[in-house]
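*Asks:* Take this structure first; my questions come after.
The values are calculated or read from the model by the stated rules, or taken from the named source; none is laboratory data. As the structure is a prediction and not an experimental result, all values here were calculated from the model. Every residue, glycine as well, gets a Cβ built from its backbone with ideal geometry; the counts of neighbours run over all protein chains shown. SASA here: full protein model, heavy atoms, side chains in, ligands and nucleic acids out. Shrake-Rupley method; radii C 1.70, N 1.55, O 1.52, S 1.80 Å.
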Amino acid sequence: MEGAKSPLQPPTFGNLITILSIDGGGIRGIIPGIILNFLESQLQKLDGEDARIADYFDVIAGTSTGGIVTAMLTTPNEKNRPTFAAKDIKEFYLQHCPKIFPQDSCPFAHATKVIKALSGPKYDGKYLHNIVKEKLGNTKLHQTLTNVVIPTFDIKRLQPTIFSSYQAKNNPSLDVLLSDICISTSAAPTYLPAYHFENKDSSGKVTEFNLIDGGVAANNPALLAMGEVTKAINRGNPDFIAINPDYNRFLVVSLGTGTAKAEEKYDADDAAKWGVLGWLTSNGSTPLVDVFTQASGDLVDFHISTVFQALNSKENYLRIQDDTLNGTVASTDVATKQNLDDLVKAGDELLKKPVSRVNLETGVYEPSNHGTNEEALIRLAEILSKEKQLRDARSPRQQVAKSN
């Protein structure tokens, strides 16, 4: 169908406001990449091989590695189509992660990591910076193929800086290079260096940014995306004419990057003995970073689950997350071939697992009797395709384009 090639018409011509959210998680970004590839393949079955994820979502939000995936899905090429298809994400990670996170194979590797953690970031970030700039080029925030929301945290102001397509239209100082945004949102403390850059807008005003990983503020950016849409509605954005900021209108797909299974996490008896070094380098991981990213991600999931269940709209919220990862598969940066291959396997297996929802009392993900994640994504593709077709049929702009 030719309709899949056309831009998504505004929500005012449809029944839904569609949001895709992708968590942070370093190399574990492979997992949502595999989920997105399956979803895009289902959309292509319905609407033709040129269909892309960006053709169906009003907003794509991503933090850290999720921010990079967001940029990959929404950066235009010379034909004004996405530079990357969803199927390209896995190969990007397999090819480049070993160079972004080079592994030390010497017998004293762990001791070296501890020393690095005390003296600076584990990785210099140079390869990441170069490859992101190469792939994203001079694309600015306002040029993405659909609206994006990517959080960062400004350590000079000690406040989040949210790079949002909606805000960029009203605040030119935030209309920065997409590559700068991606480098910033993935600058995880202890792993990669903080990032400084400046932006000069069309009036000549210079804005300075001193940024680190958006996971400090929102490792799961789903709620941020909903907030940006709500603000746009309240401000009279023309894409939302006659639309109330009603949660029943939202269709939210939130993709996690996986977490360690419960018995491989931490316990208070161990943590009670930790000093600064322990919080930075225990169990081959970085507990402090794990705690604040996991906490923010789970709180967002709790909130959205609660609201959608209270409104009897729980079918409008799909969270796909794996909380059973083993050993180094749960790591952020162990980019060995074996571990990356294991992550691919984890993503493939997650498709076959049952759709799960967080138990609001225990915090544990439990099967929801709605089939597998694969089956849920097939149903989602049908909903997204029908929504796009509805908007095309109702949109005067699309009708004029067809007549010409």
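*Asks:* Can you name every residue in region 255-277 that is over 30 Å from residue 20 (Cα atoms), modelled with pLDDT of 75 or more and surrounded by 14 or more Cβ atoms within 10 Å (Cβ to Cβ)?
*Replies:* 274
*Asks:* Determine whether residue 148 is crowded, with 21+ Cβ neighbours inside 10 Å and assigned to a strand (DSSP E or B).
*Replies:* It is true that residue 148 is crowded, with 21+ Cβ neighbours inside 10 Å and assigned to a strand (DSSP E or B).
*Asks:* Scan region 158-178 for residues that are open to solvent by 20 Å² or more (accessible area, probe 1.4 Å) and either outside any loop (DSSP other than H, G, I, E, B) or in contact (Cβ under 8 Å) with a residue 40 or more places away in the chain (or both) and jot them down.
*Replies:* Within region 158-178, 159, 160, 162, 167, 169, 170, 172, 177 meet the criteria.
To keep it simple, each residue is scored yes or no on (1) touching a Leu at 6+ places or on another chain (Cβ under 9 Å); (2) charged (D, E, K, R).
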position: 211; (1), (2): no, no
position: 225; (1), (2): yes, no
position: 230; (1), (2): no, no
position: 234; (1), (2): no, no
position: 238; (1), (2): no, no
position: 270; (1), (2): no, yes
position: 275; (1), (2): no, no
position: 286; (1), (2): yes, no
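*Asks:* Of all the residues that make up region 100-133, how many are at pLDDT below 80 and not in a helix (DSSP H, G or I)? Outline the logic, then answer.
*Replies:* Within region 100-133, the first condition is being at pLDDT below 80, and the residues that meet it are 104-120.
Narrowing the set further to residues that are not in a helix (DSSP H, G or I) leaves 104-108, 120.
Total meeting the criteria: 6.
*Asks:* Still on this structure: Report, by residue number, each residue of region 303-340 that is in contact (Cβ under 8 Å) with a residue 60 or more places away in the chain and either aromatic (Phe, Trp, Tyr) or assigned to a helix (DSSP H, G or I) (or both).
*Replies:* Just the residues of region 303-340 that are in contact (Cβ under 8 Å) with a residue 60 or more places away in the chain, to begin with: 303-304, 307-308, 311, 313, 316-327, 329-337, 339-340.
Answer for region 303-340, where residues must be in contact (Cβ under 8 Å) with a residue 60 or more places away in the chain and either aromatic (Phe, Trp, Tyr) or assigned to a helix (DSSP H, G or I) (or both): 303, 304, 307, 308, 316, 317, 327, 329, 330, 337, 339, 340.
*Asks:* Check off (1) among the polar types (S, T, N, Q); (2) under 28 Å from residue 289 (Cα atoms); (3) surrounded by fewer than 24 Cβ atoms within 10 Å (Cβ to Cβ) for residue 65 and give me the number that stays unchecked.
*Replies:* So residue 65 meets the others, but not (3).
*Asks:* Also, I was wondering about something else. Show the residue pairs that are 6+ apart or on different chains and have beta-carbon atoms under 8 Å apart, the first residue being within region 69-89 and in contact (Cβ under 8 Å) with a residue 40 or more places away in the chain and more than 12 Å from residue 146 (Cβ to Cβ), the second being assigned to a helix (DSSP H, G or I) and of a type in the set (Asp, Glu).
*Replies:* Note: pairs meeting the criteria are 72/88; 85/40; 86/40; 87/40.
*Asks:* Provide a single number: the residues in region 363-394 that are surrounded by fewer than 20 Cβ atoms within 10 Å (Cβ to Cβ) and closer than 16 Å to residue 259 by Cα.
*Replies:* So the count comes out to 3.
*Asks:* Of all residues in region 289-302, count the ones that are open to solvent by less than 20 Å² (accessible area, probe 1.4 Å) and either part of a loop (DSSP other than H, G, I, E, B) or in contact with a strand residue (DSSP E or B) (Cβ under 7 Å, 6 or more places away or on another chain) (or both).
*Replies:* Within region 289-302, residues that are open to solvent by less than 20 Å² (accessible area, probe 1.4 Å) and either part of a loop (DSSP other than H, G, I, E, B) or in contact with a strand residue (DSSP E or B) (Cβ under 7 Å, 6 or more places away or on another chain) (or both) number 1.
*Asks:* Does residue 205 fit the bill of being more than 18 Å from the chain's Cα centre (by Cα) and under 30 Å from residue 51 (Cβ atoms)?
*Replies:* Working: more than 18 Å from the chain's Cα centre (by Cα): yes; under 30 Å from residue 51 (Cβ atoms): no.
No: the conditions fail for residue 205.
*Asks:* Also, quick follow-up: Within region 321-373, how many residues are within 19 Å of the chain's Cα centre (by Cα) and small (Gly, Ala, Ser)?
*Replies:* So the answer is 4.
*Asks:* What is the one condition in (1) among the aliphatic types (A, V, I, L, M); (2) touching a Ser or Thr at 6+ places or on another chain (Cβ under 9 Å); (3) open to solvent by less than 10 Å² (accessible area, probe 1.4 Å) that residue 206 does not satisfy?
*Replies:* Result: residue 206 passes all but (3).
*Asks:* Now, a different point. Does region 228-242 contain at least one residue that is out of contact with any Asp or Glu (no Cβ under 9 Å at 6 or more places or on another chain), touching a residue at least 24 places away in the same chain (Cβ under 8 Å), farther than 16 Å from residue 165 by Cα and surrounded by 13 or more Cβ atoms within 10 Å (Cβ to Cβ)?
*Replies:* No, region 228-242 has no match at all.
The rows are residues; the columns are (1) within 21 Å of residue 239 (Cα to Cα); (2) among the basic types (Lys, Arg); (3) open to solvent by less than 10 Å² (accessible area, probe 1.4 Å).
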site: 18; (1), (2), (3): yes, no, yes
site: 26; (1), (2), (3): no, no, no
site: 43; (1), (2), (3): no, no, yes
site: 46; (1), (2), (3): no, no, no
site: 69; (1), (2), (3): no, no, yes
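*Asks:* With the condition being under 21 Å from residue 12 (Cβ atoms), I'd like the strands (runs of 3 or more DSSP E) fully within region 179-288 carrying at least 2 qualifying residues.
*Replies:* 250-255
*Asks:* Restricting to region 10-56, and then to whatever is outside any helix (DSSP H, G or I) and touching an Asp or Glu at 6+ places or on another chain (Cβ under 6 Å), can you tell me which residue is farthest from residue 214 (Cα to Cα)?
*Replies:* Of the residues in region 10-56, the ones outside any helix (DSSP H, G or I) are 10, 14-25, 48-52, 56.
Now restrict to residues that are touching an Asp or Glu at 6+ places or on another chain (Cβ under 6 Å): 10, 14, 16-18.
Working: 10: 28, 14: 31, 16: 27, 17: 24, 18: 22 Å.
The extreme case among them is 14.
*Asks:* What are the pairs with Cβ atoms under 6 angstrom where one residue, in region 285-302, is farther than 11 Å from residue 215 by Cα and the other, located anywhere, is modelled with pLDDT of 75 or more and assigned to a helix (DSSP H, G or I)? Sequence gap at least six, or different chains.
*Replies:* As it stands, the answer is 300/222; 300/223, since those pairs meet every condition given.
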